[in-house]
Amino acid sequence: MSATPGGGVRTLRVPGRHGYAAEFSPYLPGRLACAASQHYGIAGSGTLLILDQNESGLRLFRSFDWNDGLFDVTWSENNEHVLVTCSGDGSLQLWDTARATGPLQVFKEHTQEVYSVDWSQTRGEQLVVSGSWDQTVKLWDPTVGKSLCTFRGHESVIYSTIWSPHIPGCFASSSGDQTLRIWDVKTTGVRIVVPAHQAEILSCDWCKYNENLVVTGAVDCSLRGWDLRNVRQPVFELLGHTYSIRRVKVILIFKLFIFLYIHRFWNFSKPDPLLETVEHHTEFTCGLDLSLQSPTQVMDQKTFIIEAIFNKIIIPICYSSL
């Protein structure tokens, strides 16, 4: 394993692991978690990496191994040491970074790969939502040993699940069935079904500053924004990618992660919405997050063909003009 600082990009390489997700800690500045897998998650084990960054670069604080590939990670909203991962064996794992071994608990009810997991950011809730290739979404309370509810309706694999940061008990999901769906934990039925793309939807994210705006990214290389009060057509569409969009993150501007190696930073309110294109990677990219403590920093992950994981922290030039 090696770390390489340099310019606006800090890089950590871990041989034999391919990155799938990255998330900054909501509590500790400079701490982030990365979910990784062997052999692109097709076979082999997985590793949860806990990293710290400083002026000299990135360093490994702690790592935990799991017997199958890890595809996503989410931090607890009420304990700075606790997080949840999900894996190819259909399970979720609860970890405590204050302990050298783990996991604390394993939840296994999905029957296929679990590709997405998210911890609710709404105060008063301690709920986790997971999306699986078994076409179901499950709701979990980490203090309970089984799921609280199962949501059915998607007709293909589920790639992304994300809680609303505004509305308690409300979350979105996107799927290979080409739909974006909005759910409420008070009922097992779906509230809104949006035929958002004519292609698999690999990612969705809720706008932190508009409770009605959800953004989707799909295999058709487009990014679309949806006003949930009127979903007959998107409020905007951003084009320019030449490969599938793998990850979308929404802040004051829009950042999206594609299935290969390019980031594009957007502001849909501008006549020319494309702010910047960043090409720091040379192979597949799968994860993206924004630091809350350092809002000019973006964390990403790629899968590198020579059995290495690149964790990179990028400071976009376009942020200086915002």
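The values are calculated or read from the model by the stated rules, or taken from the named source; none is laboratory data. Fair warning: this is a prediction, and the values are worked out from it, not measured in the lab. No Cβ is skipped: glycine too gets one built from the backbone with ideal geometry, and neighbour counts run over all protein chains shown. Side chains are part of the model used for accessible areas, which takes the heavy atoms of the whole protein and leaves out ligands, DNA and RNA. Shrake-Rupley method; radii C 1.70, N 1.55, O 1.52, S 1.80 Å.
If you go through the stretch 88-107 and keep only what is closer than 14 Å to VAL128 by Cβ and either touching a residue at least 24 places away in the same chain (Cβ under 8 Å) or surrounded by fewer than 17 Cβ atoms within 10 Å (Cβ to Cβ) (or both), you end up with LEU92, GLN93, LEU94, TRP95, PRO103, LEU104, GLN105, VAL106, PHE107.
Any residue that is touching a residue at least 12 places away in the same chain (Cβ under 8 Å), closer than 22 Å to TYR20 by Cβ and of a type in the set (Lys, Arg) - is there at least one of those in the stretch 136-158? Yes, the conditions are met somewhere in the stretch 136-158.
Per-residue answers, yes or no, for (1) under 19 Å from the mean Cα position of the chain (by Cα); (2) more than 19 Å from CYS86 (Cα to Cα); (3) open to solvent by 10 Å² or more (accessible area, probe 1.4 Å); (4) at pLDDT 95 or above:
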{"site": "GLU155", "(1), (2), (3), (4)": "no, yes, yes, yes"}
{"site": "PRO165", "(1), (2), (3), (4)": "yes, yes, yes, no"}
{"site": "ALA172", "(1), (2), (3), (4)": "yes, no, no, yes"}
{"site": "SER175", "(1), (2), (3), (4)": "yes, no, no, yes"}
{"site": "ALA218", "(1), (2), (3), (4)": "yes, yes, no, no"}
{"site": "PHE236", "(1), (2), (3), (4)": "no, yes, yes, no"}
{"site": "PHE254", "(1), (2), (3), (4)": "yes, yes, no, no"}
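Among the residues of the stretch 174-217, those that are among the polar types (S, T, N, Q), over 14 Å from GLU155 (Cα atoms) and touching a strand residue (DSSP E or B) at 6+ places or on another chain (Cβ under 8 Å) comprise THR188, SER203, ASN212, THR216.
The set of residues from the stretch 76-87 being outside any strand (DSSP E or B) and either in contact (Cβ under 8 Å) with a residue 24 or more places away in the chain or farther than 15 Å from SER25 by Cα (or both) comprises SER76, GLU77, ASN78, GLU80.
Per the conditions (1) under 15 Å from ALA22 (Cα atoms); (2) polar (S, T, N, Q); (3) in contact with a Gly (Cβ under 8 Å, 6 or more places away or on another chain); (4) open to solvent by 10 Å² or more (accessible area, probe 1.4 Å), the sole criterion not satisfied by THR85 is (4).
Quick check on my filter: what residues within the stretch 50-75 are more than 19 Å from the chain's Cα centre (by Cα), part of a loop (DSSP other than H, G, I, E, B) and at pLDDT 95 or above? Hit for the stretch 50-75 is ASN67, nothing else. Within the stretch 179-190, the set of residues being at pLDDT 95 or above and either in contact with an Asp or Glu (Cβ under 8 Å, 6 or more places away or on another chain) or among the β-branched types (Val, Ile, Thr) (or both) comprises THR179, ILE182. Look at the stretch 185-197: where a residue is open to solvent by 40 Å² or more (accessible area, probe 1.4 Å) and a partner is among the polar types (S, T, N, Q), sitting 6+ places away or on another chain with Cβ atoms under 7 Å, you get VAL193/THR179; PRO195/GLN178; PRO195/THR179. Filtering SER63, SER87, SER37, SER45 for residues that are more than 20 Å from ARG247 (Cα to Cα) and touching a Phe, Trp or Tyr at 6+ places or on another chain (Cβ under 9 Å) leaves a single hit, SER45.
Scanning the stretch 198-216 for residues that are small (Gly, Ala, Ser) and open to solvent by 10 Å² or more (accessible area, probe 1.4 Å) yields one hit, ALA199.
Here is a yes/no grid of residues against (1) in a loop (DSSP other than H, G, I, E, B); (2) without any contact (Cβ under 8 Å) to a residue 24 or more places away in the chain:
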site: TYR209; (1), (2): yes, no
site: VAL214; (1), (2): no, no
site: ARG232; (1), (2): yes, yes
site: GLY240; (1), (2): yes, no
site: TYR243; (1), (2): yes, yes
site: ARG246; (1), (2): no, no
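Checked against (1) over 19 Å from GLY44 (Cβ atoms); (2) in a strand (DSSP E or B), GLY124 passes all but a single condition, namely (2). Take the stretch 189-207 and flag every residue that is part of a strand (DSSP E or B) and either at positive phi or in contact with a Gly (Cβ under 9 Å, 6 or more places away or on another chain) (or both). Within the stretch 189-207, VAL190, VAL193, ILE201, LEU202, SER203, CYS204, ASP205 meet the criteria.
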